[in-house]
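Here is the structure we will look at.
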Amino acid sequence: MRKDYIVFVDFDGTITAKDVGYEMFRKFTDAKTQPVVDRYRLGKVNSYTCLKTECEIWNRFPPEEKDVLEYLKKQGITDGFADFTEILRNDHVKMYIVSEGFDFYIEAILNSNGFSKLDRITNKAVYKNGEILPDFPFLGQGCGECSNCKGFHIKKLTDPKSSAIFIGDGHSDFHGAGAADIVFAKSFLKKDLEKTGRNYFEYGDFYDIIEIWREISSRKLFAFSERLFFCRISGNRRNDFENLWETGEVMKNVGYPQGLGWSNQRYDKFWETLDRKSFVLFAVEDKNGRFMGEAKLSFPDEDNSCSHDVKLLPEYQGKGYGREAWGLLMELSRRRWPDSIMSVTPSVENAVAIELYKSLGFEFDGEQREWIPSSESPAAVPVRYRRMIKF
Ligand SMILES: [Mg+2]
Ligand SMILES: [Zn+2]
C-alpha cells in the first residue's frame, strides 16, 4: 500500500444515492422518526441519541423483515463508485468506509452490489425478529458527541506523513472533514464547511471525484487553501527548491545573505535523505502549478515543539501568501499533534515576519539570542533572533 494517501468515505448518501439509514427508518415508521432527525439536524441532540431513538420507534411496530430486505436490495449506488474503488485498488491506495449507520443494512447493500470486500468501520446492530438492537462499539471514543466519530478513526489510522482524504455529504461527516487534509463535500456537509471557511472539492458523483483524484495524484497534492496548493516534492521540483535556497533575498533573514551556497554534492545528500527527515517538505504552488516557495511541516521535537517554516520567492512576498501558507501549515499541525506547541525564531531585524507571527497568535518567549554559524557553512553570517511560541 502507498503511504502518501489514505481515503475515507461516508456511506449513506455518499456511496448510496440516497441516505438509506434515514429513509429506511422514516419509511417503515410512517415518518415517526422525522422529529428526532430534525432535532439532530438542528444540533439539539447528538447522533447517538438520534439513532437510539430511531431504533426504539422502529421496535414499537417492527415492519415485515422481507419488506425491509426487499427495500435494501433496491438501493442504488452513486455513479462512478465501482470505478473509483477500482482506481484506488490499482493505485495501491487504502480506503475505508466510515459510517454512523448500522452494519446490517450497510453490509446488505454492499454485498448485493459486489462490494463485500471493502473495509468499513460502522455502528452495529442485530436485526432479529424485525427488531433493530443497536450497539455502538466506538461510543465515547473521539469527540464524545458522535456515536462513531469519523474524526477519531481518521486521526488514528492516518500516518502524519500521509494526506487523509475524506468524502462525505452529511452533518455526521463534520468531524471526519475536520480530521482530513483533503475533503470532498456535497449537501449538508458542504453547507457546514461553508460556515467555517474550510476549503473543499465539490462533487456530485464519483466520476467527479475520479477526475479530481487524477489531478491530486499527478500533482501530489497534500492539502490546499484558497489560493495555495501544498504538493509533495517530485524530482522535477529539485531545481526550484535549490533556486529558492540560493536566493539571497529569501535567505538573508536566516543568515545566508547570498543564499545557502551549497555544493551539488551537499544537495544530493539532502535529497537522498529527505524521506527519513522528521519533517515533510511541500512545494507551495498556485492553482496552475507554478512554484511559489516551500512549506515545511515539522514533527514535534523532544520538548513537544514544532518548528514549521514557510519561504516564498520574492515575487510572491507581500501579497498575503505567507499568512495563508502559515494558516494551512497550522491546520495540518493541529490535526496531527493537537497538544504540541509551535515555535519560530525570526531575526530581530525581520519586522515583517515578527508582525505576521504576532497576528497568527505567536508570543515572544525569552530574550534576544544570537546564532553563530559553524565553519561548515562559510556562506552564513550570525543572526540575532528571538523565539516566539504559540500554544
Ligand atoms: Mg452521509
Ligand atoms: Zn465526532
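The values are calculated or read from the model by the stated rules, or taken from the named source; none is laboratory data. Everything numeric here is computed off the predicted structure, so don't read it as measured data. Ideal geometry is used to build each Cβ from the backbone, glycine not excepted, and the neighbour counts take in all protein chains shown. Just the protein is used for accessible areas: all its heavy atoms, side chains included, with ligands, DNA and RNA removed. Shrake-Rupley method; radii C 1.70, N 1.55, O 1.52, S 1.80 Å.
Annotations for the structure displayed:
- Single residue of the range 43-62 satisfying the filter (of a type outside the set (Ser, Thr, Tyr) and farther than 15 Å from residue 133 by Cβ) that is surrounded by the most Cβ atoms within 10 Å (Cβ to Cβ): 50
- Residue, most open to solvent (accessible area, probe 1.4 Å), within the range 96-121, restricted to residues that are within 15 Å of ligand 1 (Cβ to nearest atom) and in contact with a Phe, Trp or Tyr (Cβ under 7 Å, 6 or more places away or on another chain): 120
- Given (1) open to solvent by less than 30 Å² (accessible area, probe 1.4 Å); (2) assigned to a loop (DSSP other than H, G, I, E, B), number of the condition residue 357 does not satisfy: (2)
- Scanning the range 134-155 for residues that are in a loop (DSSP other than H, G, I, E, B), open to solvent by 20 Å² or more (accessible area, probe 1.4 Å) and either on the phi < 0 side of the Ramachandran plot or at pLDDT 95 or above (or both) yields 136, 137, 138, 139, 141, 143, 145.
- Among residues of the range 108-130 that are in the same structural domain as residue 51 (by TED's automatic domain parsing), those with a Cβ under 7 angstrom from a residue that is open to solvent by less than 20 Å² (accessible area, probe 1.4 Å) and charged (D, E, K, R), sequence gap 6+ or separate chain, pair up as 123/100.
- The numbered conditions (1) within 16 Å of ligand 1 (Cβ to nearest atom); (2) at pLDDT 95 or above are all true for residue 172 except (2).
- Criterion violated by residue 297 - all others in (1) open to solvent by less than 30 Å² (accessible area, probe 1.4 Å); (2) touching a helix residue (DSSP H, G or I) at 6+ places or on another chain (Cβ under 6 Å); (3) closer than 22 Å to residue 377 by Cβ satisfied: (3)
- Test for residue 202: is it assigned by TED's automatic domain parsing to the domain that holds residue 15 and out of contact with any helix residue (DSSP H, G or I) (no Cβ under 9 Å at 6 or more places or on another chain): no
- When every residue of the range 130-152 is checked against the conditions, at least one turns out to be within 16 Å of ligand 1 (Cβ to nearest atom) and among the hydroxyl-bearing types (Ser, Thr, Tyr).
- Listed conditions (1) at pLDDT 95 or above; (2) more than 16 Å from ligand 2 (Cβ to nearest atom) are all met by residue 158, apart from (2).
- Residues located in the range 197-237, provided they are assigned to a helix (DSSP H, G or I), among the small types (Gly, Ala, Ser) and open to solvent by less than 40 Å² (accessible area, probe 1.4 Å): 217
- Any hit, the range 165-185, residues being within 16 Å of ligand 2 (Cβ to nearest atom) and in contact with a Cys (Cβ under 7 Å, 6 or more places away or on another chain): yes
- Residue in the range 1-37 that is nearest to residue 66 (Cα to Cα), counting only those that are aromatic (Phe, Trp, Tyr) and not in a helix (DSSP H, G or I): 11
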